[in-house]
Every structure is written in structure tokens, then in C-alpha cells.
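What follows draws every value from the coordinates through simple rules; no lab data is involved. A quick note: this is a predicted structure, and the numbers were derived from the prediction, not measured. As a convention, Cβ positions derive from the backbone with ideal geometry for all residues, glycine included, and neighbour counts pool all protein chains shown.
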Amino acid sequence: MDLVGRILMVEDDPRDRELTMTALEEYNLTNEVVVATDGEEALDYLYHRGKFQTRANGNPAVLLLDLKLPKVDGLEVLQQIKSDEKLRMIPVVVLTSSREERDMVASYKLGVNAYVVKPVDFHEFVNAIKELGVFWAIINEPPPGSIKKK
Amino acid sequence: MAERKPPMARILGVMQRYGLAILSVGAALGIALLLGRYHFRGVEFPLFLFAIALSVWYAGIGPGIVAVLLSSVAFDFFFTEPLYSLYIRTSETPYYVLFILFASLLAWFSALRRRVELALVRSRDELQQEVELRTQQASLLDLTHDTIFVRNMNHVITYWNRGAQELFGWTPEEAVGKHSRELLRTIFPIPVEEIEAELLRTDRWEGEVERAKADGTSVVVASRWSLRRNEEGKPAAILETNNDITQRRRGAEEVLKLNQKLGERTAELEAINKELEAFAYSISHDLRAPLRHVVGYAEMLEKNASKVLDEKSRRYMTTILESAKRMGMLIDDLLAFSRIGRAETRQTLVSLDQLVKEVRSEVSQETDERNIAWKVGALPELYGDRSMLKLALVNLISNAVKFTRTRTQPQIEIGCAERPSDGVVVFVKDNGVGFDMKYVNKLFGVFQRLHRADEFEGTGIGLATVQRIIHRHGGQVWAEGLVDKGATFFFSVPNHRR
């Protein structure tokens, strides 16, 4: 089997998390998914802080980022990542309900790698997540220093 | 002939004048002789003097001398001894000399008086003309509606025209002779000494002053002063014209106030707009998420439990899913609609021809299996927001596709009619199910539908979106239709760049 990159999913809504996990399950990508429930936790993971203090080294192969998050919102997380020399190479995919142009523009200005609007239709949603997962965790070669496992 | 006429006239004039002298002396002689017949003595002397005086008065000094000479000769010939002889006795010589002297003196006086008289008449005529001219000028000044008054250097009013009476309310009789500043209670914008200094330096001043009217109200006037100097160059009087600018001043204040209000209103609207934007934003984020969950979990439930569910329960599941999807569509359409109102339009030169091609290829999935007869005319380029115009065309064309679905030979025509008043007018015409013109006003309203959902699907936002897009381009939308006979939708876009 191919190497599977680690996916950091930043999502506050447990239902969205479950639906996303269901979609990823089909390709057995769930083992490598790490969940952060808000922006602060996401940054904690990336900086080895808080409950992620003891985690192994290495960056995730991709970060699935919701925009509307408690405490630190998605755009702030994105800005932090893209302005940090050690983190800026991590591919970030914004995965959001918002089709608002200003969110899109702001994300791309900050250097996001992809912007995906969660479809309301479940089949479309599952397909989108699956394709995302397959592309970023399997097909795409992540930058050096990313966590990838068999 | 014309050149010789003046000398001829002069000669005639001279002859007339001397003829008068001869005639008057002759007449005096005749009368004296006639009276002599009736034994009146001593009348000849005053008669001759009268003839001389007459000649001098009406014919001038030359004929006067002639009259004196003729009178002397006639007097000598007819009235002194020896009669009928020009012989003058030595003893009577002083008498003749005296007569001639007296006659000459009379002629001289008469001529002098005549000259004075003429001069007097001439100056009287001149004076009369002058008075007429002045009266005319004064009445002209009086005729103007502009306020004009004159005051001397002690500020005493010396002239007050009708315009002044109309503006301030005092008649000329009331105003003339009054002190202008006391009467008008003038409030100057700068110290009056400065105004007077400028007036003396430049002979004029203009500015806005506030004055009182006879009824006690105040009036703001634009005042112009002109200094009149006498022959020695000393200031003599000040002529003032006033224009009532109270209304203008009030208007300016009003405009200022309105602007302020407008500013407040704009701020309010901006706040409301921001609120709306926040509202739409939160709908976009928060309303779609639970909907996605409904759909997602229902799908998962259907997948897991479809085997144990009976027919009825499966239909319930399907209905839940369809309703949720429909709501998703509604939200998306509504958000797109509200975005059109909020988004900036980006004006570029758009080729409608190209846009229609793109839209047709986008709707081709649905139309491929159907045998639609397309007829696309030449379409122009116009200035507008490309993505918005495309959205408008997508809505119109997909509507045409949708409502011709029941036709065995569907026809859709897209064309352009350029009208100078409207700029570009584009139409999309179909032979579909059409609509009742009774409801034409409802067509472009949000959530307004003229067909049942099970006949033709739709959210009822498409035409509202078209209307909003076209309005944002400064254009108009309208439609014509007949039930079962098709519909034509028009939109106009001004041809100029906005």
C-alpha cells in the first residue's frame, strides 16, 4: 500500500467531523486523521503545545481547515501557519460552508492551497472529502518533514 | 441743383430781410401820408421808429441800417420844409443827426435784445431737453426691480427707487432725507471703517449686509456701492444697488442641512447594509451546516436501514432528503441574490455573443436529448459586469429551456434590438407554456412563481436575480407572454459606460 500522509482536521462541529470521517473511512484514511476542535487546538498541535506536547515530530501532510471556529478562527490559523517559516509549507485546504467571496479572497490572499465548499448533498459531500483525502494524503507528495506512514 | 440750393436760399433770405426793411418803411410812410391827409401831424416820427424796430427785430442789423437811411430820406423828403426836396436846412441838421442817432440806438438795442432773446430761447430749449432726459433716466431707474438708492457722504438718502421701496417697504417720500444706517439698521460683515476706506481707495465696494425692512423683518442683501465724485474729484455721493439674497442664503443653509441629513442617512444605510451582510454571512455559514447534517444523516440512515424499512418509511426518508436539498437550493439562490445587491460591479467590455455561447454549452446537458431549434441573432458588445450578465443570461436561457420542456418542437430565439433611448435591448423568446399577462407584475418578484412545483421546478429567485442584475446596470427588464403561446423576456442595458 502507498504511504498515507497524516491529516489534521480542524472542525468544531461533531456532526461534520463524523460525516467527514465516514467519507474518509471508505479509503481507510481515518487512522491518520488527527482532530482539532478549534483554532487554538490546531495551533497547539502544530507547535507541540497543550495536549499535543508529547506528540512525535513532523508536520501533517495536509490540514483540512474550517473557517468558522471558536476561539481562534480559521483565517487566523491560516495566517499563523503561512507566516511561520517552519509551517508555511504545510498544504492547507479550507473546507467550509461559506461560499462568500470575501472568505475565498481572504483565504487565497493568505496563501491557501485549496478552497472547498462543503456541498449540502451528501453524495457530493462524500465524494469531495474522499477526493480531497486521496489527493492530499496519498497522491500528493508532501513537503519534506511531513508525517507519512504505510 | 442740390449744391446750388443753399446759396440760392441764402440770397432769397437776404432779399426777404431787406425787402422787409423797405416794405416796413414804405408802409410807415404810407400810413403817415394817409394820416397827414386827415390832418394828423407828428405821427411820422414814431411810425418810422416802429418800422426801424420791426426791421431790426425780424431782419437783423443790416436791414435795420437800411430802414434808418430810408426813413431819414423819406422824413426829409415828405415831412420837412421844403417839402418834396432832399434839401436839409443847416438849422435842422442837428434834428436829423439826433433822429439818426436815436434810430441807430433803437436798432442797436433792438438787435441786442433780439440776441438775448434768442440765447434765452436756446438755453430754455436745452434745459427742457436736459430735464426730459433726466426725467427719463430717473424713471428708468425707477422702473428696474433692482434696489437702487443714493446717499450723500453724510449717509442721508437723496434718491430711492421703486425697487428700494419694494424691497425695504418705505416709499421714496419716507426714505429720502433719512439717515440710511439708522433707517435700514445695517449690519456689516466687517468693520464699517474698512468698507469706507476701500470705497475711498477704489471708488467701489461690494459685500453682503443684513438690513431691516419697514415691517421689522430682516433681509440679507448683496450690496454694491459706487462712489460718485464731483468735478473737483471729491467724494459726493454713494450709489448703492441691493439684491435680496435671503432666499439664496436660506437655500444654501437648507442644502447644508439636507447634506448633513443625507450623511446621517447614508451612515444609517451603511450600518443596515453591514448588518445585512453579516446576516447573509451567518446564513451562509450557519444555515447550511445543519442542513448538510440532515441530508448526511438521513442518507446514512437510508443506507444502513433501507433493508428493514417498509415502503412507506422509505418514502418518508426520500421526502426528508428532497426537502432538505430543496432548502439547500433556496439558501444558495437567496445568497446569490443578496450577493448581487452587495457586490461591486466590475465594468468591462462584454461580448454578449460569447456569453450566450458559454451559457448554451452549460445548459446543453439538459438540451442535448431534446430537439430544440435555437435561433441566435447577432449580439453586440456592451459595458457591464461579465459574471453578473452571465448569471442573468443563465437564468433567462435555462428558463426558456425549462418552460419549453412540454413542447414537441421547442424553439428558443435570442436576439438584440438596439434602440437609441434604451441602448442595447436583448430578448429571449420561447414557444413554451408562457404565462398570463395578468400576473406579469409578479414575474420578477422574489419567491414568486406562476407554476406549481410539480409542473416546473424552481426556487422563484431566478427572474428576481435577473431584474436585480439589470437594475444594477441601469437597465430595465420586462416580459410579454400568452398562456400556452410562449414568453419573451427583454432586458435593456444603457450603451454608455457607467
At most 13 other Cβ within 10 Å, DSSP loop - chymotrypsin sites (Phe, Trp or Tyr not before Pro), the range B:40-99: B:Phe40, B:Tyr84, B:Tyr87
At R0 = 41 Å, FRET efficiency that the Cβ-Cβ distance of B:Arg185 and B:Asn495 yields, to 0.05: 0.10
DSSP-loop GluC sites (Glu not before Pro) across the range B:422-483, with at most 16 other Cβ within 10 angstrom: B:Glu455, B:Glu457
Radius of gyration and maximum dimension Dmax of the range B:439-498, Cα, Å: 13.0, 43
Chain B: angle of helix B:386-403 to the longest principal axis, Cα-based, in degrees nearest 10: 60
Unit Cα scatterers, Debye sum, the range A:52-131: log10 I(q)/I(0) for q = 0.11, 0.20, 0.27 Å⁻¹: -0.31, -0.94, -1.34
The range B:55-131 - convex hull of the alpha-carbon atoms, volume per residue in Å³: 72
Beta bridge orientation in the protein assembly as shown: antiparallel %, DSSP, nearest 5: 75
Angle in degrees between helix B:192-202 and the longest Cα principal axis of chain B, rounded to the nearest 10: 70
Relative contact order of the range B:349-498, pairs being alpha-carbon contacts under 8 Å that are 6 or more residues apart, as %: 25
The range A:94-150: Cα Rg divided by the 2.2 N^0.38 Å rule of thumb: 1.31
Residue list for the range B:80-103, given a label point 7 angstrom along the Cα-to-Cβ vector of B:Leu33 and an amide N cut-off under 16 Å: B:80, B:83-86
Computed over chain B: relative contact order in percent, which uses C-alpha pairs under 8 Å that are six or more apart: 7
Number of partner chain Cβ atoms within 10 Å, mean per residue of B:298-307: 2
Alpha carbon Rg of the range B:1-75, scaled by the compact-globule rule 2.2 N^0.38 Å: 1.33
Peptides ranked, highest mean first, by Cβ atoms within 10 Å: ranges B:249-259, B:216-226: B:216-226, B:249-259
For the range B:346-493, projected area of the alpha-carbon convex hull averaged over all directions, nm²: 8.4
Potential extension, B:Leu258-B:Ser364 segment - 0.36 nm per residue separation minus Cα distance: 32.7 nm
Calculated P(r) tail over 18 Å for the range B:144-244, as whole % of Cα pairs: 42
Convex hull volume of chain B per residue (C-alpha atoms, cubic angstrom): 420
Average partner coverage of B:283-295, which counts Cβ from other chains inside 10 Å: 6
Highest to lowest packing among B:11-18, B:443-450, scored as the average C-beta count within 10 Å: B:443-450, B:11-18
Calculated FRET efficiency for the pair B:Glu231/B:Val131, C-beta based, R₀ 25 Å, to 0.05: 0.75
Amide H within-cut-off set for B:Ala237, under 5 Å, with H built and near neighbours excluded: B:Arg228
Residues of the range B:335-355 with amide N under 11 Å of the 7 Å Cα→Cβ point at A:Asp73: none
Estimated vicinal HN-Hα couplings, Hz - the range B:261-275 in sequence order (Karplus 6.51, -1.76, 1.60; Gly, Pro = x): 4, 4, x, 4, 5, 4, 4, 4, 4, 4, 4, 4, 4, 4, 4
³J(HN,Hα) computed for each position of the range B:458-466 - Karplus, 6.51 cos²θ - 1.76 cosθ + 1.60, integer Hz, glycine/proline x: x, 9, x, 10, x, 6, 4, 5, 4
Shielding of B:339-347 by partner chains, average beta-carbon count, 10 Å: 1
Average Cα contact separation per residue, the range A:4-139, under 8 Å, 6 or more apart, as relative contact order %: 28
Dipole of the protein assembly as shown [Lys/Arg +1, Asp/Glu -1 at C-beta], most positive-end residue of B:Ile88, B:Ile195, A:Pro144: B:Ile88
Amide H contacts under 5 Å for B:Val350, placed H, 5+ residues apart: B:Leu382, B:Tyr383, B:Gly384
D_trans [Stokes-Einstein, Kirkwood Rh over alpha-carbon pairs] for the protein assembly as shown, 20 °C, 1.002 mPa s, µm² s⁻¹: 57
Computed FRET value (nearest 0.05) for A:Arg102 with B:Asp484, which takes r as the C-beta separation and R₀ as 35 Å: 0.15
Translational D in µm²/s for chain A (Stokes-Einstein at 25 °C, 0.890 mPa s, Kirkwood Rh from C-alpha pairs): 161
Phi-based couplings in Hz for the range B:349-362 (Karplus 6.51, -1.76, 1.60; Gly and Pro marked x): 7, 10, 8, 4, 4, 4, 4, 4, 4, 4, 5, 4, 5, 6
